[in-house]
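Peer 1: One structure, as structure tokens, below. Some questions next.
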Amino acid sequence: MIVKRPFVVTLFSLLVLLLAVWNVFQIISVWQRYDLMRVLNVTTQANLLIVMGLTWTIGIGVAAWGLWRLRSWGRTWMLIAIVAYQAQQWIMR
């Protein structure tokens, strides 16, 4: 049985996926600057940024997949992931 996904759900799941891709770019950016951070003796912060970026990439990617596949847990996971992500971003700033 094929279920037609509403356009708004498609658009929102792609936007959530874009947030996961943004975190992939954060990981790449920190990885590229890791030697400089080692010289400046801030490897702990670099490691933390890599772990947080990887965690959010996986968590938000799962939320986007759940929305895309119209899973019942997708909406709940997405709300939890985005609220927690925004709270973490607010605390880190």
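Peer 1: Six or more apart or on different chains, Cβ atoms under 7 Å: show the pairs whose first residue is in the range 3-17 and of a type in the set (Asp, Glu) and whose second is surrounded by 14 or more Cβ atoms within 10 Å (Cβ to Cβ) and modelled with pLDDT under 90.
Peer 2: That search, which allows pairs on different chains as well, returns nothing.
Peer 1: Filter the range 68-93 down to residues that are within 14 Å of the chain's Cα centre (by Cα) and open to solvent by less than 90 Å² (accessible area, probe 1.4 Å) and give me whichever is nearest to SER13 (Cα to Cα). Don't jump to the end; show me each part of the working.
Peer 2: Here is the first cut: in the range 68-93, the residues within 14 Å of the chain's Cα centre (by Cα) are 77-89.
Still in the list and also open to solvent by less than 90 Å² (accessible area, probe 1.4 Å): 78, 81-82, 84-85, 87-89.
Numbers: MET78: 9, ALA81: 13, ILE82: 12, ALA84: 17, TYR85: 16, ALA87: 20, GLN88: 21, GLN89: 21 Å.
Among those that are within 14 Å of the chain's Cα centre (by Cα) and open to solvent by less than 90 Å² (accessible area, probe 1.4 Å), it is MET78.
Peer 1: Here's a follow-up. Within the set of pairs 6+ apart or on separate chains, which have a first residue in the range 36-64 that is closer than 21 Å to LEU19 by Cα, a second that is among the aromatic types (Phe, Trp, Tyr) and open to solvent by 30 Å² or more (accessible area, probe 1.4 Å), and C-beta atoms under 7 Å apart?
Peer 2: ALA46/TYR34; ILE50/TRP31; VAL62/TRP77; ALA63/TRP77
Peer 1: Take the residues in the range 21-80 that are in contact with a Phe, Trp or Tyr (Cβ under 6 Å, 6 or more places away or on another chain) and of a type outside the set (A, V, I, L, M, F, W, C); name whichever of them is farthest from ARG5 (Cα to Cα).
Peer 2: Checked the range 21-80; the qualifying residue farthest from ARG5 (Cα to Cα) is ASN23.
Peer 1: Right, something else. Just give me the residues in the range 1-27 being surrounded by 16 or more Cβ atoms within 10 Å (Cβ to Cβ) and over 14 Å from LEU70 (Cβ atoms), in sequence order.
Peer 2: The first filter runs over the range 1-27 and keeps only residues surrounded by 16 or more Cβ atoms within 10 Å (Cβ to Cβ), leaving 12-13, 16-17, 19-20, 23, 26-27.
Within the range 1-27, LEU17, LEU19, ALA20, ASN23, GLN26, ILE27 qualify.
The values are calculated or read from the model by the stated rules, or taken from the named source; none is laboratory data. What you are looking at is a predicted structure, and each value in this text was computed from that prediction instead of being measured. In this analysis, Cβ positions are derived from the backbone assuming ideal geometry, glycine residues included, and neighbour counts consider all displayed protein chains. Ligands, DNA and RNA are stripped out before the accessible areas are found, and what is left, the full protein with its side chains, is counted by its heavy atoms. Shrake-Rupley method; radii C 1.70, N 1.55, O 1.52, S 1.80 Å.
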